[in-house]
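> Okay, handing you the structure first.
Derivation of every value follows stated rules applied to the coordinates shown; laboratory data play no part. As the structure is a computational prediction, the values presented were derived from the model and not from experiment. Backbone-built Cβ (ideal geometry, glycine too); neighbour counts: all protein chains shown.
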Amino acid sequence: MFSSTNRRRFMQQAFHCSAVAAAVTAMRGVHLFAEETPAKVRLGIIGCGGIMTAHVKGLVSRNEAASIAWLCDVDPAQIERMDKSITREFQNAPPKRTARYEEVLGDKDVDAVIIATPHHWHAPIAIQAMQAGKDCYIEKPISHVYNEGPLIIAAARKYGRVVQQGSQMRNSPVTEKAEKLLREGIIGQVKVARAWTAETRTLVKPLPDSEPPRGVDYDRWLGPAPKRPFNKHRFHSTWRMFADYGNGEIGDDGIHDIDMATWGLGVTTLPEQITARGGRMMLDGHASEYPDSMNVSFEYPDGRLLIYENYPFTAYGMHGFDNGNVFYGTEGYMIFSRRGAFSVFLGPKGMPGPTEGKELRGQRGYAEHMAEFLHAVRHRTPTKAAAEVAHRSCALVHLGEIAFRTRGRLDFDPQTERFVDCDEANRLLGKDYRSPYGLNSIQS
């Protein structure tokens, strides 16, 4: 386990070294940062599952800016599928293959990595990648437990690395238009943000344990998670239902809408009170360790409120969208969806205001988000979903889950990043890591 003493030492050294590291990064003469036309960003992909298909499509329009040097996955079948997609749509030269991410990090010609593993591997790989001088695009959420977020922030600062969380809506065309209106004050001061995930889910019945698929390095797939027999539900896709590897609905689809809620609300701190309720509404007998319905509220020090809800019973969604937000202001409200639409309603009678949702529908920002990351790698510029921003959103996932699993209502100190008078909750801010994986080997 990464002890509190080592964690404090790492954080202190990281913050002291961040300015020096940033200066060194800006001055060094790496091939990538020459003032002439920069070379392509050489990428290593770590985790070749479903989301990488969308990322490769996002890269297609940027093939002058990037090349894929490595494919890494513990399942060779996933590498094979991704290789075919890349050589068909993106580049002629096939990437190198490996089941060990350390080989990717050890390649000095790799500039950046895309980490698209299950959640429990995000922080261990990302921190080691930054130590190896690689910039990181980390799928959402960047952290599996709360305490990993500050460690990622500290590593990015210490080693002068670019970090981008896979919160693609931060760079979508509809977000850009909505942001302009919100910042101009069209609905006045935004006081409340409401986010939801309202999608029907299929009942997944428990299955007996079995042998892992041929060729899969299952011990490495488990990595920092506890040792368990192989179970099909704890593997591809449905691993999200189990706390050892994922964060349930709130940390899978919900994090997108929670991130947009923090964006619309404009918060730059963490909440001081969390209330969470959840249970089985539709899926009795579901194999998941998480509730199928959940309602969490986060109260901020200045009185603003963020609410997250997820329901499994509806195919029609809320306000016409299965995923979305409402931002309530002093002069009106805005309905916003990452499906590519927003509508504004003003005054006491809710008079219709600006609306967007035709030509932008379905544009979820994959290409634009990846383009921003590649530009940041080339030019050492900030990203919209940098580590600090990502942590403010991911923290809500973890704080909400902890409140649900403990008292239901908890007070939190944003300054100390600890719960007030609840040792049980504070223990859940971190976790143990199975040796030799995880954070055990990460030293400052």
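> Can you give the calculated 222 nm mean residue ellipticity of the chain, where each DSSP H run of n ≥ 4 adds -39,500 (n - 2.57) and the sum is split over every residue, rounded to the nearest 500 deg cm²/dmol?
Values: 13 runs with 146 residues, N = 444.
Counting only the DSSP helices, I get -10000 deg cm²/dmol.
> Now for a separate question. Tell me whether the range 304-444 comes out rounded, prolate or oblate; compute the Cα gyration tensor, take square roots of the eigenvalues as a ≥ b ≥ c, and use a/c under 1.5 as the rounded threshold. Spell out each step's value before the answer.
Numbers: a/c = 2.18, a/b = 1.38, b/c = 1.58.
Because a/c hits 1.5 or more and a/b fails to exceed b/c, the range 304-444 counts as oblate.
> If you average the sequence gap of Cα pairs under 8 Å that are 6 or more apart and divide by the length of the range 202-361, what percent do you get for the contact order?
Details: 238 pairs, mean separation 24.4, N = 160.
Reported as a whole number, the value is 15 percent.
> Something else now. At a threshold of 8 angstrom on Cα-Cα distance, excluding pairs fewer than six apart, so keeping six or more, what relative contact order does the chain reach in percent? Write out the running numbers ahead of the final one.
On the way: 926 pairs, mean separation 93.0, N = 444.
RCO, the chain: 21 percent.
> Rounded to the nearest Å, what's the spacing between the alpha carbon centres of the range 162-220 and the range 238-274? Just the number, please.
One Cα centre to the other: 8 Å.
> Please state, rounded to one decimal and in Å, the Kirkwood hydrodynamic radius that the range 233-301 gives when every pair of distinct Cα atoms enters the mean of 1/r. Write out the running numbers ahead of the final one.
Values: mean 1/r = 0.0737 Å⁻¹.
It works out to 13.6 Å.
> Tell me which of Ala403, Gly188, Trp239 sits at the most positive position along the dipole axis of the chain, charges placed on C-beta atoms (Lys, Arg +1; Asp, Glu -1).
Trp239
> Return the single residue from Arg100, Arg214, Arg280 with maximal mean-square fluctuation; model: Gaussian network over the chain, springs between Cα atoms under 10 Å.
With Cα springs under 10 Å in the chain, the top fluctuation among Arg100, Arg214, Arg280 is at Arg214.
> Now, a different point. So which residue, out of Ala77, Ala385, Ala69, gets the largest mean-square fluctuation from a GNM of the chain using Cα contacts under 10 Å as springs?
Comparing Ala77, Ala385, Ala69 in the GNM, the peak value goes to Ala77.
> Charges at C-beta only: +1 for Lys and Arg, -1 for Asp and Glu. How large is the resulting dipole of the chain about its Cα centre, in Debye rounded to 20?
Numbers: 55 positive and 52 negative charges, 80 e Å.
So the dipole magnitude of the chain works out to roughly 380 debye.
> Going through the range 148-228, which GluC sites (Glu not before Pro) have at most 11 other Cβ atoms within 10 Å and a DSSP loop state? If you can, show how the numbers build up before the last one.
On the way: sites: Glu148, Glu176, Glu179, Glu184, Glu199; in loops: Glu184, Glu199.
Listed in order of number, the matching sites are Glu184.
> Next up: How large is the Kirkwood hydrodynamic radius of the chain, in angstrom, based on all distinct alpha carbon pairs? Please list the in-between numbers first.
Numbers: mean 1/r = 0.0444 Å⁻¹.
For the chain, the Kirkwood estimate is 22.5 Å.
> Could you give the dipole magnitude of the range 98-232 about its Cα centre, charging the beta-carbon of Lys and Arg +1 and that of Asp and Glu -1, in debye to the nearest 20? Could the numbers behind the result be given before it?
Working: 20 positive and 16 negative charges, 109 e Å.
Using Cβ point charges on Lys, Arg, Asp and Glu, the range 98-232 gives about 520 debye.
> Please report, in debye to the nearest 20, how large the charge dipole of the range 355-439 is about its Cα centre when each Lys and Arg carries +1 at its beta carbon and each Asp and Glu carries -1 there.
On the way: 14 positive and 13 negative charges, 66 e Å.
Using only the charged Cβ atoms, the result is roughly 320 debye.
> I want to verify a result. In a Gaussian network model of the chain, Cα cutoff 10 Å, which of these has the top mean-square fluctuation: Ser288, Ser167, Ser337?
Ser288
> Turning to a different aspect of this structure: Using Cα positions and a limit of under 29 Å, work out the lysines in reach of Lys108, with same-chain residues fewer than 8 apart set aside.
Lys40, Lys57, Lys84, Lys96, Lys134, Lys140, Lys158, Lys384
> If a/c stays under 1.5 just call it rounded; otherwise compare a/b with b/c (prolate if a/b is bigger, oblate if not). Do that for the range 142-240, with a ≥ b ≥ c from the square roots of the Cα gyration tensor eigenvalues.
On the way: a/c = 3.01, a/b = 1.68, b/c = 1.79.
It is oblate, given that a/c is not under 1.5 and a/b is not larger than b/c.
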